[in-house]
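Engineer: The structure that follows is given in the form of structure tokens.
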Amino acid sequence: MTTVLKLSPRRFVSTPAIERVVNRAYRYLQSGFSVHLRGPAGTGKTTLALHLADLLTQPMMLLYGDDDYKTSDLIGNQTGYTRKKVVDNYIHSVMKVEDELRQNWMDSRLTLACREGFTLIYDEFNRSRPEVNNVLLSVLEEKLLVLPPSSNRNEYVRVSPKFRAILTSNPEEYCGVHSTQDALLDRLVTISVPEPDELTQQEIIIQKTAIDRESAAIIVETVQRFRQQIQAEKSSGLRSCLILAKVCQEHDILALPENPEFRDMCQDILLSRSSLPLSDSTQMLWEVFNTLISEHAMQQESMAAAPQVRVIPAAVAAPEVTPNAASDEAADLLDQWLATEVESDSLASADQPAIAETPEISIPEIQTALQPAPVEPQPLPAIPQATPQE
């Protein structure tokens with residue numbers, strides 16, 4: 001019995017870096033090509049493959065690579081026999097018996113996906129032996145699936161135009177991984193899926209575990225610094241971050257390097273992922289803790305020593321300016337002089353024979369009027385003198 005899946009990844013996190021990979025892979029799938037997602041363990045290749053299959057809106061068949069697989073595990077196999085016996089005794093003196101034995105064929109996931117146009121997700125396909133995956137060559141190139149010879153069924157299956165294959169694989173230096181034949185890689189569009197960046201990892205653990213953003217940043221930074229110390233390049237630290245964040249969130253553990261419970265969790269989860277001796281890995285992890293603690297203390301000191309910004313209220317009444325008599329007189333003289341200048345210019349432009357006489361006002365008079373009125377000094381009050389007492 002073969003089960004057809006119709007599902008989508010829960011709470012798929014989309015960031016600009018992930019969206020670029022999704023858009024590229026989705027274009028290839030829409031154009032009729034199959035996609036191969038390659039990268040270290042823990043980078044989200046299977047989740048990305050499920051998301052792409054969900055975008056295609058077709059039922060999917062999920063298949064996992066296995067070293068014990070045979071070709072029959074992909075295309076199908078004989079599952080038993082059907083016996084048919086016919087006894088003809090129409091003529092009493094003649095007995096006719098027909099005995100027929102027929103093998104039953106059951107399609108496997110690849111055959112069903114090719115025939116019905118489903119999306120095949122072949123996760124970690126390079127864990128299967130290369131000769132097992134040879135059946136994919138004709139499926140991806142000639143769009144034809146070749147079945148074992150049989151007298152009671154068709155030996156060829158025409159691949160549906162809606163069929164798509166999404167394959168994932170780990171690096172060949174991993175344990176239990178086989179090399180992939182060049183002919184198969186030539187028929188696939190291979191996309192390298194690197195480890196998610198720091199922003200993407202923070203968004204993933206926030207949406208998956210509902211932890212606060214500050215704790216997520218501390219967890220991601222702790223894991224990344226430890227992996228840099230041990231030079232772990234063959235795997236991703238995303239799963240370690242998810243485990244730490246989920247336990248901290250569900251059990252109210254502060255994700256701080258000063259917290260002993262958080263340090264114990266980091267030792268349990270991170271030290272087992274190091275290929276170095278346990279003593280060296282422990283020493284490196286404690287160096288990471290000490291560095292984070294000192295940086296956190298320096299940050300707190302800098303925030304405490306920062307100058308306080310004084311906020312001035314917006315609703316402050318402006319002081320009123322009271323004009324004095326001298327400023328009023330100067331303004332009147334200036335207006336009078338400007339009026340006479342404008343009048344003289346207009347008369348000159350009109351070529352009038354007689355020009356009205358205007359009173360002459362000199363500039364010094366205006367300047368004198370603009371000066372503030374002198375303030376008479378007020379007599380100072382008498383200061384009482386201390387007198388000696390008799």
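The values are calculated or read from the model by the stated rules, or taken from the named source; none is laboratory data. The structure presented is a predicted model; accordingly, all values stated were derived computationally and were not measured. Backbone-built Cβ (ideal geometry, glycine too); neighbour counts: all protein chains shown. With ligands, DNA and RNA removed, areas are computed over all heavy atoms of the protein, side chains included. Shrake-Rupley method; radii C 1.70, N 1.55, O 1.52, S 1.80 Å.
Engineer: Over the range 82-203, average the accessible area per residue using a 1.4 Å probe and give it in Å², no decimals.
Structural biologist: Accessible area per residue, the range 82-203: 56 Å².
Engineer: Accessible area of Ile75, 1.4 Å probe, to the nearest 10 Å²?
Structural biologist: 10 Å²
Engineer: Please tell me which of these pairs span more than 23 angstrom C-alpha to C-alpha: Lys70/Lys143; Lys162/Lys208; Lys45/Lys143?
Structural biologist: Lys162/Lys208; Lys45/Lys143
Engineer: Let's test the formula: R0 of 25 Å, r as the Cβ-Cβ distance of Ile191 and Asp67. What FRET efficiency results, to the nearest 0.05?
Structural biologist: So, using R0 = 25 Å, E works out to roughly 0.50.
Engineer: Here is a further query. Heavy-atom accessible area per residue, the range 222-303, 1.4 Å probe: how many Å²?
Structural biologist: 60 Å²
Engineer: For a paramagnetic label modelled at 7 Å from the Cα of Leu278 toward its Cβ, which residues of the range 229-266 fall within the zone defined by backbone nitrogen distances under 17 Å?
Structural biologist: 264-266
Engineer: Grab the Cα-Cα distance for Glu173 and Lys85, subtract it from 0.36 nm times how many residues apart they are, and report the gain in nm with one decimal.
Structural biologist: Gain on stretching Glu173 to Lys85: 26.0 nm.
Engineer: Sticking with this structure for a sec: Choose one of Phe125, Ser160, Leu137: the residue whose Cα lies farthest towards the positive end of the charge dipole of the range 108-174 (beta-carbon charges +1 Lys, Arg; -1 Asp, Glu; about the Cα centre).
Structural biologist: Of Phe125, Ser160, Leu137, it is Ser160.
Engineer: With labels modelled as points extended 7 Å from the Cα through the Cβ direction, what inter-label distance (nm, one decimal) is found for Arg213 paired with Glu233?
Structural biologist: Here the answer is 3.4 nm between the modelled labels.
Engineer: What's the extension gain from Gln267 to Ser14 if we count 0.36 nm per residue and subtract their Cα-Cα distance?
Structural biologist: 88.0 nm is the gain from fully extending Gln267 to Ser14.
Engineer: Given a 1.4 angstrom probe, I'd like the percentage of the accessible area of the range 202-302 that is carbon and sulfur, rounded to a whole number.
Structural biologist: 50 percent
Engineer: Please give, to one decimal in nm, the separation of the simple spin-label points placed at Glu301 and Arg158, each 7 Å out from Cα toward the Cβ.
Structural biologist: Roughly 7.8 nm, to one decimal.
Engineer: Could you compute how much accessible surface Lys84 exposes when probed at 1.4 Å, giving the result in Å² to the nearest 10?
Structural biologist: The accessible area of Lys84 comes to roughly 120 Å².
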